[in-house]
């Protein structure tokens, strides 16, 4: 009797397993466009962000067959795209893996994606004149191409970010020693991806050269972790991207041009934080496909995804 | 018949548990192995069913060397009873008893029916059949253990201190019933105990073993008590050998005296009038002795009836089939000097006094 | 971001859970039903594999008393950093699988879950067999049962309570930890927790947590039912009426004592 019950339980478990098996990948081809036969991979918040999925639908009439949450422009997304588990992905423009894997960035002619200029976000009390001058000088010299080149050094060539930061400052003539920031104690933080670590190192080294007392807190995590730290003062300075920090602080924001974003950001910041000058360098979202996919469907811009199959 | 031929057991670290044991356990009889701790009695027993394998010599079961038989096959023909019964906790009593027959291939229904009979045979009510071991007392479990060992009707039974783990009252019952059962079945039994009294009570032959696994003396209980071979055996058998020997001999025909008695339901006056020397024996409606009533104690307060609280119950009661010791004790412990004797149904049969018993003892002619 | 007191949050979580739209699949979002089934699927596979390894191994070690070091070694697995190991294994394994398949992610996830599930099953199964009353196994061997018979007819039924308790413990561990599947792009209830956190959608995040807990409790109840049904009453001590409960040593002692005293 007992053996029958055990057998029955095992059979039920097996049946459950098999029915559940059906639920993995399915393309719902509603609309018959190229996009509707695609699986898209990106972070969770891209689904609801104004310039994410809703923006693509609004500006280009693109809606994907399925959305798989991977990570925020990281190795999971890259691997899934490379291996074909997803057909298109949300990566970042300065990501060296785009070049190294031969991925194709689809152009954004209707400027769907908001600006993502690099800028320092800093505690008001720590933004002395000396500090401001130092950081603004960095922003003045930082452009997208330059940042991309630095990322190749750090990610592809695996050089130490601190060394790369120092070398760049030297190249740009920003490594002069002085005392304009002496007496200031700053905790410099970074998010947990290489580009942000590099930017934090750049800020830190420049301020150290000017006499500031710097403590580093690298790889804190994502915004859920470090924005509260900025608010409560345990971190004073972080490199940010104007578009996405604006979205984080104000989910209804609609500004996309760099200056509009900067202005909206000023209004959205908590009272103890300010932003300094933004750099020309942008690390913005990019809709990316593999070379094979681009050739197979003749994809050059995001608009091509809305074409009928 | 079981024969040990210079059987030995030496462990790898050099300990000698059994040392060249030569012994014969005759068929149809109870052979008891007894001795102090470390004498190898349990080891010897477990060598018979190859739970332990001998390292020297051999053991023959009905003239067949057991070393040549596959152990599991060997054990299926031998009943095995151990100290804490070892009943299967997950099976009912009836399924425990039917374990070996079912294992040997008998049909479940038949095996269970047979097991039911065995249950009664070992003195347990049918209601226990569908209970589980955890619901039974120690004594009840031990009975089931014996029933289980008997289920396949093996010619040989091995029993390792089966009655040691129960309290003395239960132990005595189990011993008596075991003797009764053996009287009906006549199996070849090897029985291990550390209790010399149990050995003498149960054994047809008793083998006393020394520490180190050597045989000291093998003899009948009477022989052991009267002629211990050396000081070790004499001391092991214990003092009071003469007196204790009396406990193992049945008197036979007892010269009983009649005695006036009253029923418990009688009035106190009736009782007082019937009393001879200020004492009267009180029986219940089935004529079973309840105690001696002292007339001086008076009736129950505020009534005419006998006061049961005042009955003297201290004296022991002997059976008509009792031993010299039991009968003597009944006489010695009675407040009137007259020992109460009952028949097989427990009903009053008569009295006997100490002098009469001593005469009987002397006339039987056994010196101490 | 929803700002509310505890009461308001509970209300929002409840709304999130009871909204039928959240139970269905859309192009963007996978519904609760699919994720629940996926979570169950991951858990069952891991438990199935872990049981297939640990149950026979535990029975063997308990029965033969050999290889007990394996039990101690398995216990060391409990200290695994699950996410770290998952990431490591994914990096090694996922690049080998092309096309529209999850298998490159399922394998590392299942490896981690199996490694977590083995210790409780193994050590409880071993302990179950090890703590069977030696008198019982002695009697079993003495009546002529062979090794395998002793194991399956006696030791296994007697160790069922401990074995099942090990399974329950492993089930809870696996269901709770299967949420890590969200670190690699798989489904499961962890998706709601992970995505909810990322999007600052706290009702979703907490709702996901509630679902995991509910699943764990349900699984445990089912296993408790299984235990009730398969474990012999002689072992669980579960009897119908009070009168059937274990007797003391006095009951059953026949009345010879009373007759003698009388």
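Name the single residue, out of those in segment B:278-321 being under 18 Å from residue B:350 (Cα atoms) and modelled with pLDDT under 85, that is nearest to the other protein chains (Cβ to nearest Cβ). Give the derivation first.
Initial filter on segment B:278-321 (under 18 Å from residue B:350 (Cα atoms)): B:279-293, B:312-321.
So of that shortlist, the ones also modelled with pLDDT under 85 come out as B:313-315.
Numbers: B:313: 5, B:314: 8, B:315: 9 Å.
Only one residue fits best here, namely B:313.
Every residue in segment A:213-240 that is surrounded by 14 or more Cβ atoms within 10 Å (Cβ to Cβ), touching a helix residue (DSSP H, G or I) at 6+ places or on another chain (Cβ under 9 Å) and assigned to a helix (DSSP H, G or I), please.
A:223, A:227 - these are the residues of segment A:213-240 that are surrounded by 14 or more Cβ atoms within 10 Å (Cβ to Cβ), touching a helix residue (DSSP H, G or I) at 6+ places or on another chain (Cβ under 9 Å) and assigned to a helix (DSSP H, G or I).
Say we look at segment A:241-259 and pick out the residues that are touching a residue at least 12 places away in the same chain (Cβ under 8 Å) and more than 16 Å from residue A:49 (Cβ to Cβ); which of these is surrounded by the most Cβ atoms within 10 Å (Cβ to Cβ)?
Selected residue: A:258.
Just to be sure, is residue C:115 in contact (Cβ under 8 Å) with a residue 24 or more places away in the chain and under 30 Å from residue B:165 (Cα atoms)? Working first, answer last.
On the way: in contact (Cβ under 8 Å) with a residue 24 or more places away in the chain: yes; under 30 Å from residue B:165 (Cα atoms): no.
Against the criterion (in contact (Cβ under 8 Å) with a residue 24 or more places away in the chain and under 30 Å from residue B:165 (Cα atoms)), residue C:115 does not qualify.
Looking at residue B:32 and the list (1) on the phi < 0 side of the Ramachandran plot; (2) surrounded by fewer than 21 Cβ atoms within 10 Å (Cβ to Cβ), which single condition is not satisfied?
(2)
Out of all the residues in segment A:37-69, which are surrounded by 21 or more Cβ atoms within 10 Å (Cβ to Cβ), assigned to a helix (DSSP H, G or I) and more than 8 Å from chain C (Cβ to nearest Cβ)?
A:46, A:55, A:56, A:60
Count, please, the residues in segment A:241-262 that happen to be over 24 Å from residue A:147 (Cα atoms) and either in the same structural domain as residue A:47 (by TED's automatic domain parsing) or part of a helix (DSSP H, G or I) (or both).
Result for segment A:241-262: 1.
Inspect all residues belonging to segment A:70-81 and state whether any of them is at the interface with chain C (Cβ under 7 Å from one of its Cβ atoms), assigned to a loop (DSSP other than H, G, I, E, B) and either modelled with pLDDT of 90 or more or in contact with a helix residue (DSSP H, G or I) (Cβ under 8 Å, 6 or more places away or on another chain) (or both).
yes
I'd like the full set of residues that are modelled with pLDDT under 90 and either closer than 19 Å to residue A:191 by Cα or surrounded by 18 or more Cβ atoms within 10 Å (Cβ to Cβ) (or both), limited to segment A:131-146.
A:144
Does residue A:114 satisfy the condition of being within 14 Å of chain C (Cβ to nearest Cβ) and touching a strand residue (DSSP E or B) at 6+ places or on another chain (Cβ under 9 Å)?
no
What residue, of B:350, B:337, B:346, B:322, is under 24 Å from the mean Cα position of the chain (by Cα) and at positive phi?
On inspection, the qualifying residue turns out to be B:346.
Within segment B:128-151, take every residue that is more than 18 Å from the chain's Cα centre (by Cα) and part of a helix (DSSP H, G or I) and give me the one that is surrounded by the most Cβ atoms within 10 Å (Cβ to Cβ).
Looking at residues that are more than 18 Å from the chain's Cα centre (by Cα) and part of a helix (DSSP H, G or I), I get B:148.
Please state which one of C:100, C:66 is over 18 Å from the mean Cα position of the chain (by Cα), assigned to a loop (DSSP other than H, G, I, E, B) and more than 14 Å from chain A (Cβ to nearest Cβ).
C:66
Here's a check for you: in segment B:155-177, which residue that is touching a strand residue (DSSP E or B) at 6+ places or on another chain (Cβ under 7 Å) and within 10 Å of chain C (Cβ to nearest Cβ) is surrounded by the most Cβ atoms within 10 Å (Cβ to Cβ)?
Going through the qualifying residues, I end up with B:158.
Any residue at all in segment A:181-194 that's touching a helix residue (DSSP H, G or I) at 6+ places or on another chain (Cβ under 7 Å), part of a helix (DSSP H, G or I) and more than 16 Å from residue A:211 (Cα to Cα)?
Yes, segment A:181-194 has at least one match.
Take residues that are in contact with a strand residue (DSSP E or B) (Cβ under 8 Å, 6 or more places away or on another chain) and tell me which of the helices (runs of 4 or more DSSP H) falling wholly in segment B:226-304 contain 2 or more.
So the answer is B:231-237, B:268-274.
Out of the residues in segment A:82-105 meeting the condition of being in a helix (DSSP H, G or I) and under 15 Å from residue A:292 (Cα atoms), tell me which one is nearest to the other protein chains (Cβ to nearest Cβ).
Filtering first and then ranking leaves A:83.
Search segment C:69-97 for residues being surrounded by fewer than 17 Cβ atoms within 10 Å (Cβ to Cβ) and assigned to a loop (DSSP other than H, G, I, E, B), and hand back the single one that is modelled with the highest pLDDT.
C:81
Could you run through segment B:91-124 and say how many residues are outside any loop (DSSP other than H, G, I, E, B) and more than 9 Å from every other protein chain (Cβ to nearest Cβ)? Spell out the reasoning first.
If we filter segment B:91-124 for residues that are outside any loop (DSSP other than H, G, I, E, B), which is where we start, we get B:93-97, B:99-103, B:108-121.
Imposing the further condition that a residue be more than 9 Å from every other protein chain (Cβ to nearest Cβ) reduces the set to B:93-97, B:101-102, B:108-121.
Of the residues in that region, 21 qualify.
Sort out which residues of segment B:62-89 are touching a residue at least 40 places away in the same chain (Cβ under 8 Å) and in a loop (DSSP other than H, G, I, E, B), and write them in order of number.
Of all residues in segment B:62-89, those touching a residue at least 40 places away in the same chain (Cβ under 8 Å) come to B:62-63, B:76-89.
Within segment B:62-89, B:62, B:63, B:77, B:82, B:83, B:84, B:85, B:86, B:87, B:88, B:89 meet the criteria.
Kindly check whether there is at least one residue in segment C:169-181 that is facing chain A (nearest Cβ under 9 Å) and under 30 Å from residue C:88 (Cα atoms).
Within segment C:169-181, not a single residue is facing chain A (nearest Cβ under 9 Å) and under 30 Å from residue C:88 (Cα atoms).
For segment B:262-274, give me the residue count where each residue is surrounded by fewer than 17 Cβ atoms within 10 Å (Cβ to Cβ) and touching a helix residue (DSSP H, G or I) at 6+ places or on another chain (Cβ under 7 Å).
Total satisfying the criteria: 0.
Among (1) modelled with pLDDT of 90 or more; (2) more than 8 Å from chain C (Cβ to nearest Cβ); (3) farther than 20 Å from residue B:45 by Cβ, where does residue B:88 come up short?
Single failed check for residue B:88: (2).
Residue check, residue C:51 against (1) modelled with pLDDT of 90 or more; (2) away from every other protein chain (no Cβ under 13 Å); (3) surrounded by 13 or more Cβ atoms within 10 Å (Cβ to Cβ); (4) more than 27 Å from residue A:66 (Cβ to Cβ), all met but one. Which one?
(2)
Would a scan of segment C:142-150 turn up a residue that is more than 9 Å from chain B (Cβ to nearest Cβ), within 13 Å of residue C:61 (Cβ to Cβ) and in contact with a helix residue (DSSP H, G or I) (Cβ under 9 Å, 6 or more places away or on another chain)?
No: zero hits.
Can you tell me which of B:50, B:46, B:76 is within 16 Å of residue C:142 (Cα to Cα) and touching a strand residue (DSSP E or B) at 6+ places or on another chain (Cβ under 8 Å)?
Details: B:50 fails: touching a strand residue (DSSP E or B) at 6+ places or on another chain (Cβ under 8 Å); B:76 fails: touching a strand residue (DSSP E or B) at 6+ places or on another chain (Cβ under 8 Å).
Result of the check over B:50, B:46, B:76: B:46.
The values are calculated or read from the model by the stated rules, or taken from the named source; none is laboratory data. Predicted, not measured: the structure shown is a model, and the values here were computed from it. Positions of Cβ are backbone-derived with ideal geometry, glycine not excepted, and every protein chain shown enters the neighbour counts.
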